[in-house]
Amino acid sequence: AQKVTQAQTEISVVEKEDVTLDCVYETRDTTYYLFWYKQPPSGELVFLIRRNSFDEQNEISGRYSWNFQKSTSSFNFTITASQVVDSAVYFCALSKAGAGTWGYQKVTFGTGTKLQVIP
Amino acid sequence: DSGVTQTPKHLITATGQRVTLRCSPRSGDLSVYWYQQSLDQGLQFLIQYYNGEERAKGNILERFSAQQFPDLHSELNLSSLELGDSALYFCASSPDGRSGNTIYFGEGSWLTVV
């Protein structure tokens with residue numbers, strides 16, 4: 001079974017503070033993919049990043065950075081110098097291949113972390 | 001803009017009614033997914049199609065059905081609606097549905113059952 005845990009339900013920070021959103025996953029597969037999505041108040045789900053299980057390099061994109069550690073099964077997301085526009089619900093997700101079937105991937109989403117950035 | 005188009009964006013209907021949600025995937029994507037997001041259930045996977053064929057079923061109720069047409073657009077049919085079906089329904093697409101495909105979501109269809 002695969003599982004994604006986002007233990008932080010809600011986080012509030014003051015603008016310009018750094019914030020880290022935690023994501024811990026469980027899977028028995030050696031090949032899998034991890035994702036982060038952002039859901040702003042308007043409701044749409046916006047793709048942020050994809051990482052495969054063989055690439056443990058950290059990634060930075062502007063104020064966003066991701067720390068993937070297989071040893072602890074974690075894929076944490078840090079926002080540096082947070083801004084009000086970062087206020088959203090953030091979802092971590094895990095994907096594995098569906099067994100024996102082409103064109104099927106099983107994606108498990110975490111329950112999301114609601115981030116509120118206070119001006 | 002993800003390139004996934006969903007209609008309608010908002011829908012209010014009465015209990016017992018039937019509605020159809022429509023989705024056009026990103027250009028070139030062969031796989032379509034449907035998800036339901038309600039306040040108390042989070043993001044729930046409903047069903048996945050690949051090139052017109054059903055590939056996986058999640059927690060989809062028997063009152064719900066879906067299909068993907070030859071032109072790759074998809075429809076989710078919700079019937080005998082109940083108050084608890086009120087939710088945000090997402091359609092998403094990916095290139096070929098395999099593991100590792102990035103899934104791109106539409107803006108969702110807000111369904112309110114009264």
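Could you list B:I47, A:I60 in order of exposure, starting from the residue whose Cβ has the fewest other Cβ atoms within 10 Å? Intermediate values should be presented prior to the final figure.
Numbers: B:I47 22, A:I60 10.
Least to most surrounded, the residues fall as A:I60, B:I47.
Lysines near A:K70 by alpha-carbon distance under 17 Å, same-chain residues fewer than 8 away left out - which ones?
A:K3, A:K96
At q = 0.13, 0.17, 0.18, 0.22 Å⁻¹, what log₁₀ I(q)/I(0) does segment A:1-93 have when each alpha carbon counts as one equal point scatterer in the Debye sum?
-0.43, -0.73, -0.82, -1.19
With N set to the number of residues, divide the alpha-carbon radius of gyration of segment B:22-113 by 2.2 N^0.38 Å and report two decimals.
In units of the globular-protein estimate, segment B:22-113 measures up at 1.02.
Under 10 Å from the Cβ of A:S82, count the other residues' Cβ atoms, weight Lys and Arg +1, Asp and Glu -1, and hand me the total.
Charge balance near A:S82 sits at -2.
So which chymotrypsin sites (Phe, Trp or Tyr not before Pro) in segment A:19-98 are both in a DSSP loop and have at most 10 other Cβ atoms within 10 Å of their Cβ? Before the final figure, lay out the partial values.
Working: sites: A:Y25, A:Y32, A:Y33, A:F35, A:W36, A:Y37, A:F47, A:F54, A:Y64, A:W66, A:F68, A:F75, A:F77, A:Y90, A:F91; in loops: A:Y32, A:F54.
Those satisfying the criteria are A:F54.
Taking every Cα atom in the protein assembly as shown, find the radius of gyration and the maximum pairwise distance Dmax, and write them in Å.
Computed over the Cα atoms of the protein assembly as shown, radius of gyration and Dmax are 17.7, 52 Å.
GNM, chain A, Cα, under 10 Å: largest mean-square fluctuation among A:V13, A:V89, A:V24?
Maximum among the listed residues: A:V13.
What lysines could a cross-link reach from A:K16, if we take a straight Cα to Cα line under 21 Å and drop same-chain neighbours fewer than 8 places away?
Result set, ordered by chain and number: A:K38, A:K114.
Any read-out appearing in this document is the output of simple, stated calculations on the displayed coordinates, not a laboratory observation. Note that the structure is a prediction, hence the values are computed from the model and not measured. In this analysis, Cβ positions are derived from the backbone assuming ideal geometry, glycine residues included, and neighbour counts consider all displayed protein chains.
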